[in-house]
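Please treat every number below as a calculation from the coordinates, not as lab data. Computed from a prediction, not measured in an experiment: that's the story for all the values here. Here the Cβ is made from the backbone with ideal geometry for all residues, glycine too, and neighbour counts use every protein chain on show.
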Amino acid sequence: MSRLILILLTLAFLFLSCAPDEEEAEIEEEFKDTEDIEVLPDNRQLVAFERVTDPIRFLAYDLEEMYGDSAEHYWRYDLQTMVRADYKDLEFQNQFVVELFKFPDPTTAFGLYTLIRPEGCDVIEIGTEAFAESNHLTFLKDRYVSDIAGFESAPDMEEKIMKLAEAVEAGIPGPAQFPEELSVFPSEDKIPCSEAYIHKYFLDQKYLNSVFTCEYDFEYGMSTAFFINENGASALNEYLKFIKLEGEISEDTTIMGCRTYALTDPEFGNINLYLAGESLLGLISKSGGKQPLEEGAEFIRGIRGFKTH
């Protein structure tokens, strides 16, 4: 017995001593990738600006001290690093700060961008998309989201921020394009700039992940459409178990060869669901009324077009 205890204690010691080393190795490997630092333009790439500080890189957990509770938004989408540098324009010596957030892939970057994008904002054609607020501009491109901020009121401040944003965007590798999954959503009745991506816990369910959403203004009321590209069948089965316990299934039928359900979620109300192979489509009523199941037909055609393009 004493020998067994000794072996277990030795294994525990080895596990505890290796864990920090593995974590440090992961951090070290992350810092070997200097792509994000190289994106930020220096004086060789700038015309009307000067970079006044070298880029400083922060890891995801550093953001809590900088942003407080808002850091959780970035963690939700698996932020990898944030790089920051200070700039000034050569004409008026105005100060600017550029922050560049790197995510694992373009989809998670898109998710964070859509989370912080204000509703009904006017979009700007920088990178994949950008929006501007007072002395501040945010844009998305590939797996990066960048914030450019000026801190003084000065002539042509908005124009200067846009020019600096364009200089940063030019250094980001990868295409300026939205996720292909958004092609599933038909354009008719769609609310502009309402597309989003929910990385985890959609409808507060642990099995509803990697979800694309879009808002619609149908004749019968407002709805949120959502699309899960993969593992939709298993997600649907788990969700139906929950609904049978906590909600109600009012219809169970087939539309265009897809398993189709009309149900009531105890928190989110009336939802129509359509299973097309491994893809799951849903329409959530935001007006409180029931939605015609036939409304999903155009979305099903969009899924099939997406799968075969």
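At 0.36 nm per residue, minus the direct Cα-Cα distance, what do residue 62 and residue 205 gain on full extension? Give it in nm, one decimal, please. Show your work: numbers first, answer last.
Values: separation 143, 0.36 × 143 = 51.48 nm, distance 2.83 nm.
Full-extension gain reported as 48.7 nm.
Explain nothing, just the number: dipole magnitude of segment 26-170 about its Cα centre with +1 on each Lys and Arg Cβ and -1 on each Asp and Glu Cβ, in debye rounded to the nearest 20. Write down the numbers at each step before the final one.
Working: 13 positive and 35 negative charges, 44 e Å.
With only Lys, Arg, Asp and Glu charged at Cβ, the dipole is about 220 debye.
For the residues 90, 240, 263, what sequence is obtained by ranking on other C-beta atoms within 10 Å, fewest first? Could the numbers behind the result be given before it?
Values: 90 11, 240 17, 263 20.
Going from sparsest to densest Cβ surroundings: 90, 240, 263.
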Run the numbers for residue 163 and residue 234: contour at 0.36 nm per residue of separation, minus the present Cα-Cα distance, in nm.
20.8 nm
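List the pairs from 200/286; 241/286; 88/200; 244/286; 200/244; 102/160 whose alpha-carbon separation is above 27 Å, in the order I gave them. Intermediate results must be reported in sequence, preceding the final value.
Numbers: 200/286 21 Å; 241/286 23 Å; 88/200 39 Å; 244/286 22 Å; 200/244 22 Å; 102/160 24 Å.
In this structure, 88/200 exceed 27 Å between Cα atoms.
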Using 18 Å as the cut-off for backbone N distance, which residues of segment 121-154 belong to the label zone defined by a point 7 Å from the Cα of residue 53 along Cα→Cβ?
136-137, 146-152
Nitroxide proxy distance, nm - points 7 Å out along Cα→Cβ at residue 241 and residue 218
2.9
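Starting from 0.36 nm per residue, how many nanometres of slack lie between residue 156 and residue 123 once their C-alpha separation is accounted for? Don't jump to the answer; show the numbers that get you there.
Details: separation 33, 0.36 × 33 = 11.88 nm, distance 1.91 nm.
Gain in length upon complete extension: 10.0 nm.
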Rounded to two decimals, what is the ratio between the C-alpha radius of gyration of the chain and 2.2 N^0.38 Å?
1.23
So if we plug the beta-carbon distance of residue 268 and residue 86 into 1/(1 + (r/R0)^6) with R0 = 45 Å, what FRET efficiency do we get, rounded to 0.05?
0.50
Treating segment 117-210 as a set of equal point scatterers at the Cα positions, no solvent, please give the Debye-formula log₁₀ I(q)/I(0) at q = 0.19 Å⁻¹.
-1.00
Checking the a/c ratio against 1.5 first, then a/b against b/c, what shape does the Cα gyration tensor give for segment 180-308?
rounded
Using only Cα atoms, locate the centre of segment 109-152 and the centre of segment 209-268, then give the distance between them in Å, rounded to an integer.
31
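By its C-alpha gyration tensor, with a ≥ b ≥ c as the square roots of the eigenvalues, how is segment 26-170 shaped: rounded for a/c under 1.5, else prolate for a/b larger than b/c, else oblate? Display every interim value, and only then the final one.
On the way: a/c = 1.70, a/b = 1.26, b/c = 1.35.
Here segment 26-170 falls in the oblate category.
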